[in-house]
């Protein structure tokens, strides 16, 4: 498990606090993305973590709190990335256009 802009053990509390600070506690609370790899790709847990962390940093930068984890209990390697809908730096909601 890893994180950016928050601590993994207290990420939820930190995200709620960010929402409270900026008075944005309603509507969409966060985002969830799954990045998965084909079993034929033979991706290790370390490689999957690298992809998750760098994807999170590239997409979210220093603006959003995020946690990510890799599942190793399935036939295919995959990871989950969850981030706060409210920016920790600006208080703006994440914009996810179609």
Estimated [θ] at 222 nm from DSSP helical runs (n ≥ 4, -39500 (n - 2.57)) normalised by residues in the chain, nearest 500:
-9000 deg cm²/dmol
Could you list 82, 35 in order of exposure, starting from the residue whose Cβ has the fewest other Cβ atoms within 10 Å?
35, 82
Nearest 10 degrees, 0 to 90: helix 45-60 Cα axis against the chain principal axis
30 degrees
Solution diffusion estimate, µm²/s, Stokes-Einstein, the range 2-84, Kirkwood Rh from C-alpha pairs, 20 °C, viscosity 1.002 mPa s:
159 µm²/s
Rounding to the nearest 10 and keeping the result within 0 to 90°, find how far the Cα-based axis of helix 11-21 lies from the longest principal axis of the chain.
20 degrees
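Every number in this text was worked out from the coordinates using simple rules, so none of it is lab data. All values reported here derive from a predicted model rather than from experimental measurement. Cβ: placed from backbone, ideal geometry, glycine included. Neighbour counts: every protein chain shown.
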